[in-house]
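Report on the structure given below.
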Amino acid sequence: MIDTNPLLRAGLALALALPLAGCFLSRSTANPVLPPEAVAQIVPGQSTADDVTRLLGAPNEVVQLGRRSAWRYEHTVEKQAAAFLILLGLRGVDTQSDRVWVFFDEADNVLHVGTLFQASEADYDVPVF
Amino acid sequence: MTCARTAAALAAALLGAACVDGDYNRSRVFQEPLPERVDALAVGTSDVSDALEHLGAPVHVIEVGLGLALAWGWADVTDWNIEVSAPIGDAQGNFRFTSTDTTTEGLVLFFGPDWRLTALRRGYLGDLLPRRQLPRDVEDELVD
């Protein structure tokens, strides 16, 4: 005999549906971490390209600016969170970076340093309407 | 049976036989520089050092003529879509609706040969960025 109790039927439907729902979190990074204490040792007017290479290694990008140049270092963190509610999927991706640009004169002495440390602000965020 | 009842029965029958699913996505990349820090820069007086100090490291550094451009970009994109499929006679009907709200914005600062700020532009980064070119030949260059 089939039980027609609405509460029981709702509970049975929920129990059947729950295994079909799911969620996941993922974190990925690109390039090595840029230690702030190493970056702080790069001093305009004092440091050279050799010093920068010794502290941070090979740059991710080199841009020629006439006889001058600029090097980019970047460490990126991507965090992803998703929830699947049977018929509806919700997914959020947050990508943030730690980034350093070092500008050199024609003799490879450091002219300027620009820094941005935001990789730690990447967040797991499942979007809601 | 009235028209309304017929429509309701038809809709119920269609939904009963149909498969409906949807998804909602949000993607955030980097962050917008604080407006007060951008406002602290002045065309004609600020230089590359001031820009780096106020706004931090840009996303792009591009050679432009004898000068350069520094570009900051950020994006916050949301999109959602709904897909309905249902058997219609012997065929399988499929309906998909997609909505995308793209807000990829940017700020580009242009500097002259003396690396002093000559222009500040806001908008969509793709529209603002100068085309990348091969590095210029510096052998015959008089001004650098």
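The values are calculated or read from the model by the stated rules, or taken from the named source; none is laboratory data. For clarity, every value in this text was computed on a predicted model and none was experimentally measured. Every residue, glycine as well, gets a Cβ built from its backbone with ideal geometry; the counts of neighbours run over all protein chains shown. Remember, those area values only see protein heavy atoms, side chains included, never the ligands or the DNA or RNA. Shrake-Rupley method; radii C 1.70, N 1.55, O 1.52, S 1.80 Å.
Report, by chain and number, residues whose modeled amide H sits under 5 Å from the one on A:L88, excluding near sequence neighbours (fewer than 5 apart, same chain).
B:G22
List, by residue number, every residue in the stretch A:46-71 with a reduction of 10 Å² or greater in accessible area between the chain on its own and the complete protein assembly, 1.4 Å probe.
Listed by number, the residues meeting the 10 Å² cut-off are A:E61, A:V63, A:Q64, A:L65, A:G66, A:R67, A:R68.
Calculated from DSSP H runs of 4 or more alone, at -39500 (n - 2.57) each and per residue, what is the 222 nm mean residue ellipticity of chain A, nearest 500? Mind dumping the intermediate values first?
Details: 3 runs with 24 residues, N = 129.
So the helix-based figure for chain A works out to -5000 deg cm²/dmol.
For B:S46, list long-range residues whose amide hydrogen, built 1.01 Å from N in the peptide plane, is under 5 Å from its own amide hydrogen.
The list, which skips near neighbours in sequence, is B:L117.
Per residue, how much accessible area does the stretch A:21-121 show when a 1.4 Å probe rolls over the protein heavy atoms, in square angstrom?
47
Work out the mean other chain Cβ neighbour count within 10 Å for the residues of A:100-106 and drop it here as an integer.
Details: counts 2, 9, 1, 6, 0, 0, 2.
Average per residue, whole number: 3.
Could you run the Karplus curve 6.51 cos²θ - 1.76 cosθ + 1.60 with θ = phi - 60° over the stretch A:116-125 and give me ³J(HN,Hα) per residue in whole Hz, x for Gly and Pro?
Ordered by residue, 3J(HN,Hα) equals 8, 10, 10, 4, 6, 8, 4, 10, 7, 9 Hz.
Helix A:6-17 against the longest principal axis of chain A: what's the angle in degrees, Cα atoms only, rounded to the nearest 10?
Taking Cα atoms only, the helix is inclined about 40 degrees.
What average count of beta carbons from other chains do you get within 10 Å of the Cβ of residues in B:129-136? Walk me through the numbers on the way to the answer.
On the way: counts 0, 0, 0, 1, 0, 1, 5, 3.
What the average comes to for B:129-136 is 1.
Under a point-charge model restricted to the Cβ atoms of Lys and Arg (+1) and Asp and Glu (-1), what is the dipole moment magnitude of chain A relative to its Cα centre, in debye to the nearest 20?
For this selection, approximately 420 debye.
Average partner chain C-beta neighbours within 10 Å, per residue of A:80-86?
Details: counts 1, 1, 2, 1, 2, 1, 1.
The per-residue average across the peptide is 1.
What's the buried accessible area, both sides, between B and A using a 1.4 Å probe, rounded to 100 Å²?
By this definition, chains B and A bury close to 3000 Å².
Could you pull out the trypsin sites (Lys or Arg not before Pro) across the stretch A:57-129 that fall in loop regions by DSSP (anything but H, G, I, E, B) with no more than 13 other Cβ atoms inside 10 Å?
Numbers: sites: A:R67, A:R68, A:R72, A:K79, A:R91, A:R99; in loops: A:R67.
Counting only loop positions with at most 13 other Cβ atoms within 10 Å, the trypsin sites (Lys or Arg not before Pro) in the stretch A:57-129 are A:R67.
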